[in-house]
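Structure record follows, encoded as structure tokens.
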Amino acid sequence: EAQVTQNPRYLITVTGKKLTVTCSQNMNHEYMSWYRQDPGLGLRQIYYSMNVEVTDKGDVPEGYKVSRKEKRNFPLILESPSPNQTSLYFCATAPTRAYGYTFGSGTRLTVV
Amino acid sequence: GESVGLHLPTLSVQEGDNSIINCAYSNSASDYFIWYKQESGKGPQFIIDIRSNMDKRQGQRVTVLLNKTVKHLSLQIAATQPGDSAVYFCAENNAGGTSYGKLTFGQGTILTVHP
């Protein structure tokens with residue numbers, strides 16, 4: 001079954017404690033991206049990757065890092081989380097940049 | 001369920017009615033458009049897409065209309081069912097430009113279908 005898998009689904013953490021949200025896809029998609037979703041602000045792109053070892057900033061990259069060492073995985077790293085990073089995060093993938101995304105189920109992150 | 005938006009436009013319809021959800025997009029260079037459906041607690045789900053060389057595209061029970069002159073997109077759902085209740089987002093992409101596949105999402109519309 002084609003899918004985008006995010007883990008964890010829910011996470012509560014404290015300010016400053018490094019965390020990683022994982023994203024894995026089994027569709028051999030080149031393009032992967034991270035979005036955050038906030039009430040009143042909609043879905044905003046954090047980072048994207050067009051292929052292995054190719055990543056770039058989206059609209060709201062501050063406070064986040066990503067890596068793309070393998071095609072199937074695209075982890076989102078928060079080196080020092082802050083309360084303003086409390087949000088609903090989605091990983092999304094596409095065959096190439098000219099197609100729509102398939103989204104994961106989301107990660108609800110709360111930073112206290 | 002998780003709230004995806006505050007003060008979003010809302011549309012309430014009766015089961016069996018047709019629904020029309022509208023979206024104004026911002027970038028005249030956008031050449032690819034998608035409608036997504038998001039149910040409570042889930043990620044956005046692809047419904048239908050359309051490229052800028054088309055005005056209309058039909059799927060199963062859904063039709064997307066594109067008016068490039070006024071930068072307007074609409075989603076028509078025929079014979080709306082309670083399972084169609086969700087938040088609907090339009091998204092635009094300049095796939096051939098320098099946006100590198102970034103989808104820019106609208107704020108969304110809440111559709112509620114009453115049995």
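So for chain A, taking the charge dipole from beta-carbon charges (+1 Lys/Arg, -1 Asp/Glu), which of A:THR15, A:LEU76, A:THR55 sits furthest toward the positive end? Farthest along the dipole direction, towards plus: A:THR15.
Karplus-based coupling profile of segment B:38-46, in residue order and whole Hz: 10, 8, 4, x, 10, x, x, 10, 4, with θ = phi - 60° in 6.51 cos²θ - 1.76 cosθ + 1.60 and x standing for Gly or Pro.
For chain B, what is Rg from Cα atoms divided by 2.2 N^0.38 Å, rounded to two decimals?
Working: Rg = 13.9 Å, N = 115, 2.2 N^0.38 = 13.4 Å.
In units of the globular-protein estimate, chain B measures up at 1.04.
Which value, in debye to the nearest 20, gives the size of the charge dipole of chain B about its Cα centre, when Lys and Arg are +1 and Asp and Glu are -1 at the Cβ? Could the numbers behind the result be given before it?
Numbers: 9 positive and 9 negative charges, 65 e Å.
Here chain B has a charge dipole of around 320 debye.
Centroid-to-centroid, using Cα positions, segment B:61-80 and segment A:46-85 are 33 Å apart. When the protein assembly as shown is described by a simple charge dipole with +1 on each Lys and Arg Cβ and -1 on each Asp and Glu Cβ, the residue from A:TYR101, B:LEU11, A:TYR31 located farthest towards its positive end is A:TYR31.
Which translational diffusion coefficient, to the nearest whole µm²/s, is obtained for chain A from the Stokes-Einstein equation, given a Kirkwood hydrodynamic radius over C-alpha pairs, 10 °C and 1.306 mPa s? The estimated diffusion coefficient comes to 115 µm²/s.
With a 10 Å Cβ neighbour count serving as the proxy for reagent exposure, in which order, fewest first, do B:PHE46, B:PHE105, B:PHE89 appear? Provide the component values of the computation, followed by the final result.
Numbers: B:PHE46 15, B:PHE105 20, B:PHE89 27.
Placing the least packed residue first, the sequence is B:PHE46, B:PHE105, B:PHE89.
Of the residues A:TYR10, B:TYR32, the one with the fewest other Cβ atoms within 10 Å heads the list, and the complete ranking is A:TYR10, B:TYR32. The residue list B:ASN22, B:PRO115, B:ALA79 was ranked by how far each Cα lies along the charge dipole of chain B toward its positive end, using unit charges on Cβ atoms, and B:ASN22 comes out on top.
Readers should treat all values here as calculations from the given coordinates under stated rules, not as data from a laboratory. Everything numeric in this text was worked out from a predicted model, so none of it was measured. A quick note on method: Cβ atoms are made from the backbone with ideal geometry, for glycine too, and the neighbour counts reach across all protein chains shown.
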